[in-house]
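The structure appears below as structure tokens.
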Amino acid sequence: MDAGTEQYDLQVLDVETGDVVEEIDAVGRCNGASWDANGFYYSATGAATEGGQLDKELRYHELSGEDRLITADFDPERWPGVQVGPDSGVVLVTVGELGTDSDLFVVVDGELEPVLTDLDAPLIPTIHSGTVYVHTTHDAPRGQVFALDISDIADASGIADFETLIPEGSDVIQQIAPVGDGLAIHSIRDAYSVVSLYDTDGTKRYELSLPEFSGIPRGGIGANRGSNELFLFVQGLDQPTSIVYANTGANAGPDNWTVLQSPTLPAELDPQDGLDLTVEQHWVDSSDAASLPVYVVHRADIDPDGTAPTILSGYGGFRIPNLPSLDPYRLPFLADGGVFALACLRGGSEFGEEWHEDGSREHKEHTFDDFEAAAEKLVDAGYTTPDRLAAWGGSNGGLTVGAALTRRPELFGAMVCNVPLLDMLRFQRFLLGQAWTGEYGTPEKEEEFNWLQSYSPYHHVTEREYPATLFATAAGDTRVHPAHARKMTARVQQATTSDDPICYHSVQETGHGTGTPTSVAIEQALDKWSFIYETLDINRE
């Protein structure tokens, strides 16, 4: 990948020497490879520069041999994923839209044969010890787990052939990781992470005693299938991301885990050393009787006096949960007496599929209602005032910030709107936009046009006072077109009656975020935080 464009080459390395033994150039937006004994399956797309990212192929590459097409029969909105059973060689393929449903196929004689194609719900298969486990929200908004012997998978014709292994509970299942003779399951409970160990018959053994308000990122648990070693990425609003090792053997229990590695930070910026932070979880009432959690973190030795510089961050989309985490670039702000708030908005998956659906498509404005309710809570609770409150979000979260800018500009003193979607009446025409119509709807249908037009930030800019705003993007963004930020900047600059700056910042050396060089990431962070310090009038302590 060059300069964060998310356009990839594949390389096969000799793990002993590090030498490149084979290379496949220009595979587009590849989402990884899955190996069997002779080679690997992978997905490929056309190039972003040629408008080909929605043209997808599933291919097989034989080491030192041919590279062949399995199928290219994928709709523009649907994406393939592949998984090979480590012992059986069974090849499973999922095909799904972003934010909507998935189908499951098995590869038989080079052809995709359907296994589960009528659930109308997300599903994620996991192969372990001769069994196919399927995590899905089918008939279970908070998730459940089905199982089927892998020898029967090619003959399966629907969910009725599977056994319900772990039924829906009060927690929201996020990920399954095989470990030893059992399964580790990452779930969400009241917007923080819990990890539980299960036997392969679905019996729960125990739950790890992780720190309060821990967050585990998507895909953040992994294991050695042949041993009892479980590894986790654990983070929190007052704990940097650490690698945690847990032993899951016969005599293991909730406390059998240890931190293997944590980042080294300057003592005065280290929450485990000289920077003592306090984390609180508030519940905020929003529209339609919804109640959402909002995390608030600040220095433990200060009592916010009602005027503290405060940042509110949110996302609310695509089933992506906003779990506690610590961006190290945020630490100087906290050390200088700032308050940071993380809102868990509808559209994510913090409370399951119903929470997602209540913030998507025709209900998308609930996401914005939640964000604004969180902002009002921060003011009413005495943390800050509107002129010292900043909104911060990126990508779909940039849409949330853009909506707040046009709906409730008086609530905020500054805005950081990063790699955003803002023109919701044309988003489907550029880059990956068509793949997001399952989440937002499409303006090409009259009813859905009306949903989108009702909140599209670009179309709701009027002559009025707007707070200081930074629209940030990157020339190499192959997901969200930089035109969103460019057009919005010009329109708000023309419309605002305030003297507060409306700024545009773009970089050449990166894209949407993935693969950003460290030096560029530091410069981007410095620019955004300098903007916050200047517009909220923050003094270094």
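The values are calculated or read from the model by the stated rules, or taken from the named source; none is laboratory data. A quick note: this is a predicted structure, and the numbers were derived from the prediction, not measured. Note: ideal-geometry Cβ built from the backbone for every residue, glycine included; neighbour counts use all protein chains shown.
Worth pointing out:
- Checking each residue in the range 336-357 for being closer than 21 Å to Pro271 by Cα and either surrounded by fewer than 22 Cβ atoms within 10 Å (Cβ to Cβ) or more than 15 Å from the chain's Cα centre (by Cα) (or both) picks out Asp336, Gly337, Gly338, Val339, Phe340, Ala341.
- Boolean, Gly89 is surrounded by fewer than 20 Cβ atoms within 10 Å (Cβ to Cβ), at pLDDT below 95 and under 25 Å from Tyr41 (Cα atoms): yes
- Hey, Leu104 farther than 25 Å from Val12 by Cβ and out of contact with any Pro (no Cβ under 8 Å at 6 or more places or on another chain) or not: no
- Subset of the range 283-314 (residues that are of a type in the set (A, V, I, L, M) and either in a strand (DSSP E or B) or touching a residue at least 24 places away in the same chain (Cβ under 8 Å) (or both)): Val284, Ala290, Leu292, Val294, Val296, Val297, Ala300, Ile302, Ala308, Ile311, Leu312
- Residue among Val107, Val134, Val172, Val194 that alone is under 25 Å from Phe351 (Cα atoms), surrounded by fewer than 22 Cβ atoms within 10 Å (Cβ to Cβ) and of a type in the set (Val, Ile, Thr): Val194
- Residue in the range 358-373 that is surrounded by fewer than 24 Cβ atoms within 10 Å (Cβ to Cβ) and within 26 Å of Glu268 (Cα to Cα) present: no
- Selection status of Val379, at pLDDT 95 or above and either buried (at least 24 other Cβ atoms within 10 Å of the Cβ) or in contact with a Leu (Cβ under 6 Å, 6 or more places away or on another chain) (or both): no
- Only residues that are outside any strand (DSSP E or B) and surrounded by fewer than 18 Cβ atoms within 10 Å (Cβ to Cβ) were counted in the range 15-45, giving 10.
- Checked against the criteria, Asp527 does not count as surrounded by 17 or more Cβ atoms within 10 Å (Cβ to Cβ), within 19 Å of Ser395 (Cα to Cα), in contact (Cβ under 8 Å) with a residue 40 or more places away in the chain and acidic (Asp, Glu).
- Hey, Gln144 within 12 Å of Gly202 (Cβ to Cβ) and either crowded, with 19+ Cβ neighbours inside 10 Å or at pLDDT 95 or above (or both) or not: yes
- Residue in the range 1-14 that is in a loop (DSSP other than H, G, I, E, B), surrounded by 18 or more Cβ atoms within 10 Å (Cβ to Cβ), in contact with a Gly (Cβ under 8 Å, 6 or more places away or on another chain) and among the polar types (S, T, N, Q) present: yes
- Criterion: in contact with a Ser or Thr (Cβ under 8 Å, 6 or more places away or on another chain) and either outside any loop (DSSP other than H, G, I, E, B) or within 14 Å of Leu405 (Cβ to Cβ) (or both) - qualifying residue of Ser530, Ser498, Ser506: Ser506
- Hey, Ala290 under 26 Å from Glu534 (Cβ atoms) and of a type outside the set (Phe, Trp, Tyr) or not: no
- Those strands (runs of 3 or more DSSP E) of the range 94-145 in which at least 2 residues are more than 18 Å from Gln174 (Cα to Cα), considering only elements entirely within it, cover 102-108, 111-116.
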